[in-house]
Amino acid sequence: MAHGTHDYVDDPRNRDILINISGTLYPREEAKVSVFDSGYILGDGVWEGLRLHDGVLVFLDRHMKRLYEGAKAIDMDIGLTKAELVARIYETIEANGMHDGVHIRLMVTRGIKATPYQDPRITVTPPTIVIIPEYKTPKASETEAGMRLFTVHVRRGAPDVQDPKLNSHSKLNCITACIQAAKAGADEALMLDPHGFVATCNSTHFFIVRDGEVWTSTGKYCLGGITRQMVIEVARAAGITVREKDFSLTDVYGADEAFVTGTFAGLVPVSEVDGRVLGEDSPAIPGPMVTRLRTLYRAAIEAEVAKGRGQ
């Protein structure tokens, strides 16, 4: 079992979930895609991770915007309007009788190919749309103890190589980073940008706290994270200074606090980077800034829930 922000409490209900593949529901053990699917052959597609809170998919408009912008960037027509896709997601949730504590993996690939080859023009079906809803609760033992990060040699690339803004199925860059961190005994990889500044983690976004300010990268070399942006917005609205800037590992090692963000686990404290314990001797985990930001972020989720599904 993996450790870190995506470690979850096993839930036996997940054995009986129904998975939606291009409009048809299948029991978990029967849910399959073709070996000729573009996603399987080439990692050709885009995806989103969504959270269901009290019957509402929170920040859904932002997730849909990112998904459709990604599809447009790779010249892929999803084949459904945003409203139609949202309706399909909710239909899948309702077919499973789900209401809360659910994580949804939404995946859209270019479709099935006539033969294994990269050219999109040999795709012979509409896009494959897969919706996997699961009961998932982050493990408190992992998210409260503080993450241990390791800076890897694998860099976040420039947009003219493979644009890191794309939430694509092609994740080998992040996977190799994850492997290196795991081999070093860490929970997740801290990745630098092409210039040596701190960029992001392999599956979450990274922040540090210095002298009452919150710092994160410029965002040029990382995915446009939904939770990342929400944390920035709620912090600034509360009068907290947030700086999106270049900073180095020296700044990280001297930070008072650090944390990562993601749709699944929200805000997770970081206790150690490259063997350096952050903060003063025996620092509190989570620290005061992470605790405050968590409260602000939860309030933003509650506000989304209060809007209902018609957002």
How many residues of the stretch 224-270 are in a helix (DSSP H, G or I) and in contact with an Asp or Glu (Cβ under 9 Å, 6 or more places away or on another chain)? The answer is 5
Filtering the stretch 211-241 down to residues that are surrounded by fewer than 18 Cβ atoms within 10 Å (Cβ to Cβ) and not polar (S, T, N, Q) yields Asp211, Gly212, Glu213, Lys220, Gly224, Glu233, Arg236, Ala237, Ala238, Gly239
If you go through Leu80, Leu149, Leu60, the only one that is surrounded by 14 or more Cβ atoms within 10 Å (Cβ to Cβ), in the same structural domain as Ser168 (by TED's automatic domain parsing) and modelled with pLDDT of 95 or more is Leu149
Taking the stretch 18-46 and the residues there that are within 22 Å of the chain's Cα centre (by Cα) and of a type in the set (A, V, I, L, M, F, W, C), the one that is nearest to Ile129 (Cα to Cα) would be Ile21
When every residue in the stretch 63-77 that is closer than 18 Å to Ile226 by Cβ and touching a residue at least 60 places away in the same chain (Cβ under 8 Å) is compared, the one surrounded by the fewest Cβ atoms within 10 Å (Cβ to Cβ) is Ala73
- request: Test Glu144 against the criterion of being surrounded by fewer than 19 Cβ atoms within 10 Å (Cβ to Cβ) and out of contact with any strand residue (DSSP E or B) (no Cβ under 8 Å at 6 or more places or on another chain), and give yes or no.
  value: no
Of the residues in the stretch 65-80, those that are among the basic types (Lys, Arg) and over 19 Å from the mean Cα position of the chain (by Cα) come to Lys72
Expected output for the stretch 155-173 (first residue surrounded by 17 or more Cβ atoms within 10 Å (Cβ to Cβ), partner of a type in the set (Ser, Thr, Tyr), Cβ below 6 Å, 6+ apart or cross-chain) is Arg156/Tyr221; Pro164/Tyr221
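The values are calculated or read from the model by the stated rules, or taken from the named source; none is laboratory data. From a predicted model like this one, the values you see are computed outputs, not experimental measurements. Because the Cβ atoms are built from the backbone with ideal geometry, glycine has one as well, and the counts that use them run over all protein chains shown.
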